[in-house]
């Protein structure tokens, strides 16, 4: 009789490359970034079996010894997500009838599961809910629509036929591994054909906190969703719901309210004494489809009811992003899916200001949420001067009416990558010069290379370039990351900070250290009591007074280009003569530790 040790040594894992089998004509073999894989050319019409032999791939597998084996598979889900995430495998060994559903086990919903972290044991479905990346599953412990199967090999029949069937044409399949049942196989084991372990690998330590920005004058927050909730308070000290606070999420069916996830986000904030930001009341996306066709008067009544219900259920909201993306996604048409709302006219349309619908949205928010801070929020307003100026038009309309308390700048990777630091600084400073606090509301920084492969160093370098520009800017009072775990919206772009095995990526380790060690100026305005006169400066000539503490003065145009710079030391006044065209400029004052900016008009 074999001992457990000899059985463990005997039954090595068996790897089967998918391209090596007898492939039906519907299977295509492709190679990309060093991986050869197969993918079905067409979707299958039947729901429980492949339907015909063209969609079947057959493999002859020889095992090292008898016993029970779990089936592991390495797959990549296509951009269609739930429409690209299923296939069939034989319900046990042997040749199967392509039209007999009893012969096949359906394996569906692979978009929402998987393992990618190298040290993590592949012990079922996992949580790597993402597309466009290779990930592993243990199909013998994952129910993808039917009860999973283990594969039993007899001592007198070590060579077996194994079959799979195509179902959706967006799913790529690299290989399968048969591993001894009862052993634990990590992603690294499966990638490299290594034997598993009798004992599960030791998981990484659970982070205990405190939050990264605890004790700082600015918050560093995160978004709440089921995927982003684990260990939240160990990292972040401000809460924003990712999708749960959008009207279309709450009331997708008229008068049928789903508050569950929004309740959870609010409770997390209040239980832990963290600021809660409601995202969002008015937006031209993810709105109820039923409102688009209502008459304007009925639409306005529904909008008011939406405000009222939110105010009643969450009486202690700290912050509300009243209008989201007015420049890029206004509620002015039904939208591709009918989810844009089409109700801007019910709020006054463009009106006399061009933005009456935004003003009305904020007036209602002041009425229903008198204690909350009201913010405007948009994306790609920090990457060009023109975009910033367009955003400032709306901001100043609201400010002149006393309706706005904060400026939200989303800060997504597609806006910050390849945007010069000088431009980011200039635009953020232009917002701060309204006298309103600025917040980076949806920061994410991608972490893949040009070939789409995960790359820690690319993400780290971009965090080190972009994050300090926002964190140390005296006008920015807080930053919210738009997800940090696998499962958020830029998972495919590698913007997450924690791997599926709970290990932290280098950018997160750097972020913790940077925030802890960076001393933030607390009274920037009083630190530099510098005056520029005359302002406007005729001919570009003006004097700076109160410059005793300064070490450097720079002047930038609105593109971020430096047009003047001088080093100074203990000089009470500085005379400046600019040789520039008339227009608006930014005077940047620095004492070597912190920076303050002032606007200067040259006539």
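The values are calculated or read from the model by the stated rules, or taken from the named source; none is laboratory data. Just so it is clear, the structure is predicted and the values come from calculations on it, not from any experiment. Here the Cβ positions follow ideal geometry from the backbone for every residue, glycine too, while neighbour counts run over all protein chains shown.
Tallying residues that are touching a strand residue (DSSP E or B) at 6+ places or on another chain (Cβ under 6 Å) and either within 30 Å of residue 423 (Cα to Cα) or not assigned by TED's automatic domain parsing to the domain that holds residue 331 (or both) within the stretch 352-375 yields 5.
Just a yes or no: is a residue in the stretch 489-501 closer than 30 Å to residue 390 by Cα, surrounded by 20 or more Cβ atoms within 10 Å (Cβ to Cβ) and at pLDDT 95 or above? Looking for residues that are closer than 30 Å to residue 390 by Cα, surrounded by 20 or more Cβ atoms within 10 Å (Cβ to Cβ) and at pLDDT 95 or above, one finds at least one in the stretch 489-501, hence yes. Suppose the filter is within 14 Å of residue 314 (Cβ to Cβ) and surrounded by 22 or more Cβ atoms within 10 Å (Cβ to Cβ); does residue 190 pass it? So residue 190 does not fit the description; no. Of all residues in the stretch 165-188, those that are outside any strand (DSSP E or B) and closer than 14 Å to residue 137 by Cβ total 2. Restricting the search to helices (runs of 4 or more DSSP H) fully inside the stretch 330-427 and requiring at least 2 residues that are farther than 29 Å from residue 584 by Cα gives 356-368. Of the helices (runs of 4 or more DSSP H) lying entirely inside the stretch 228-315, the ones with 3 or more residues being under 20 Å from the mean Cα position of the chain (by Cα) and free of Cβ contacts under 8 Å to residues at least 60 places away in the same chain are found at 232-235, 260-271. Among residues of the stretch 532-565 being under 21 Å from residue 592 (Cβ atoms) and loosely packed, with under 13 Cβ neighbours inside 10 Å, the one that is modelled with the lowest pLDDT is 562.
The number of residues in the stretch 345-359 being closer than 18 Å to residue 307 by Cβ and without any contact (Cβ under 8 Å) to a residue 24 or more places away in the chain comes to 2. The residue that is surrounded by the fewest Cβ atoms within 10 Å (Cβ to Cβ), among those in the stretch 150-169 that are touching a residue at least 60 places away in the same chain (Cβ under 8 Å) and over 16 Å from residue 106 (Cα atoms), is 155. Within the stretch 135-149, the residues that satisfy the criterion of being surrounded by fewer than 20 Cβ atoms within 10 Å (Cβ to Cβ) and out of contact with any helix residue (DSSP H, G or I) (no Cβ under 8 Å at 6 or more places or on another chain) are 140, 141, 143, 145, 146, 147.
In contact with a helix residue (DSSP H, G or I) (Cβ under 8 Å, 6 or more places away or on another chain), assigned to a loop (DSSP other than H, G, I, E, B) and closer than 21 Å to residue 16 by Cα, is that true of residue 94? Against the criterion (in contact with a helix residue (DSSP H, G or I) (Cβ under 8 Å, 6 or more places away or on another chain), assigned to a loop (DSSP other than H, G, I, E, B) and closer than 21 Å to residue 16 by Cα), residue 94 does not qualify. Counting only strands (runs of 3 or more DSSP E) that fall entirely inside the stretch 469-577 and contain at least 2 residues that are in contact with a strand residue (DSSP E or B) (Cβ under 8 Å, 6 or more places away or on another chain) and within 30 Å of residue 116 (Cα to Cα), the qualifying elements are 476-481. Residues in the stretch 281-320 that are closer than 21 Å to residue 232 by Cα and surrounded by 15 or more Cβ atoms within 10 Å (Cβ to Cβ): how many? Counting residues in the stretch 281-320 that are closer than 21 Å to residue 232 by Cα and surrounded by 15 or more Cβ atoms within 10 Å (Cβ to Cβ) gives 5.
One residue stands out in the stretch 566-587 among those that are surrounded by 17 or more Cβ atoms within 10 Å (Cβ to Cβ) and touching a residue at least 40 places away in the same chain (Cβ under 8 Å): the one that is nearest to residue 433 (Cα to Cα), namely 586. Give me the residue from the stretch 108-118 that is in contact (Cβ under 8 Å) with a residue 60 or more places away in the chain and surrounded by 17 or more Cβ atoms within 10 Å (Cβ to Cβ) and, out of that set, farthest from residue 183 (Cα to Cα). Out of the qualifying residues, it is 110.
Assess whether residue 157 counts as being out of contact with any helix residue (DSSP H, G or I) (no Cβ under 7 Å at 6 or more places or on another chain), assigned to a loop (DSSP other than H, G, I, E, B) and closer than 20 Å to residue 91 by Cβ. Criteria met by residue 157. Applying the set (1) touching a residue at least 12 places away in the same chain (Cβ under 8 Å); (2) within 22 Å of residue 514 (Cβ to Cβ) to residue 205 leaves exactly one unmet item: (1). The number of residues in the stretch 433-468 being assigned to a helix (DSSP H, G or I) and either buried (at least 20 other Cβ atoms within 10 Å of the Cβ) or in contact with a helix residue (DSSP H, G or I) (Cβ under 8 Å, 6 or more places away or on another chain) (or both) comes to 11.
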